[in-house]
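One structure is given below, encoded as structure tokens.
The values are calculated or read from the model by the stated rules, or taken from the named source; none is laboratory data. What you see is a predicted model; the values in this text were computed from it and never measured. Cβ sites come from the backbone with ideal geometry, for glycine too, and all protein chains shown count toward neighbours. Please note that ligands, DNA and RNA were not included when accessible areas were found on the heavy atoms of the full protein model with its side chains. Shrake-Rupley method; radii C 1.70, N 1.55, O 1.52, S 1.80 Å.
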Amino acid sequence: IMSVAVAVLPNYVNGAEIMSKSDNQLNVLNPATQELLCRVPCPTSDEMEACVANAIQAQKSWREVPVQQRSRVLMKLVALLHENKAEIVQAMVRENGKTVIDAEGDLSRGIEVVEHAISMPCL
């Protein structure tokens, strides 16, 4: 039996990629082929508590950001989603077993949700 090296993804905390100290990992499989794509860590309790603390701090500063500036951040998100559409769609196909058409539709709907959020200050 041949062993293939598979990436273990880091956690994304407070703007940085951080490898978990946990040895407990979940396999991410392509549901259409059962191919092992990568592994994701199951964070330790301490890692989860740190994530929650960082999120609480981020929310405190984010709520002070003027709504127009928040909208510009969301506009940048929409632009990045459009710029990276092909890569995002392929990831959705691999990780969710979707067809390309279905993944494109899901991404388009997601973009529409962000665009609606951008318009909220005007409603």
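Mind listing whichever residues of segment 14-42 are farther than 20 Å from Arg94 by Cα, surrounded by fewer than 15 Cβ atoms within 10 Å (Cβ to Cβ) and within 18 Å of the chain's Cα centre (by Cα)?
Of everything in segment 14-42, those that are farther than 20 Å from Arg94 by Cα, surrounded by fewer than 15 Cβ atoms within 10 Å (Cβ to Cβ) and within 18 Å of the chain's Cα centre (by Cα) turn out to be Asn14, Gly15, Ala16, Glu17, Met19, Cys42.
With the structure loaded, tell me whether Asp102 is of a type in the set (Asp, Glu), over 15 Å from the mean Cα position of the chain (by Cα), open to solvent by less than 80 Å² (accessible area, probe 1.4 Å) and under 30 Å from Glu35 (Cα atoms) or whether it fails that test.
Yes; evaluated as a whole, the condition is true for this residue.
Check off (1) surrounded by 13 or more Cβ atoms within 10 Å (Cβ to Cβ); (2) touching a helix residue (DSSP H, G or I) at 6+ places or on another chain (Cβ under 9 Å) for His82 and give me the number that stays unchecked.
Against the list (1) surrounded by 13 or more Cβ atoms within 10 Å (Cβ to Cβ); (2) touching a helix residue (DSSP H, G or I) at 6+ places or on another chain (Cβ under 9 Å), His82 comes up short only on (1).
Check Ala50, Ala58 and return the single one that is modelled with pLDDT under 95 and either farther than 28 Å from Asp23 by Cα or surrounded by fewer than 14 Cβ atoms within 10 Å (Cβ to Cβ) (or both).
Testing whether each residue is modelled with pLDDT under 95 and either farther than 28 Å from Asp23 by Cα or surrounded by fewer than 14 Cβ atoms within 10 Å (Cβ to Cβ) (or both) leaves just Ala58.
Just checking, how many residues over segment 100-123 are of a type in the set (S, T, N, Q) and at pLDDT 95 or above?
Number satisfying all stated conditions: 1.
For segment 22-42, state whether one or more residues are in a helix (DSSP H, G or I) and under 23 Å from Val8 (Cβ atoms).
No, because not a single residue in segment 22-42 is in a helix (DSSP H, G or I) and under 23 Å from Val8 (Cβ atoms).
Out of everything in segment 43-74 that is part of a helix (DSSP H, G or I) and acidic (Asp, Glu), what residue ends up being farthest from the chain's Cα centre (by Cα)?
Residue satisfying both the conditions and the ranking: Asp46.
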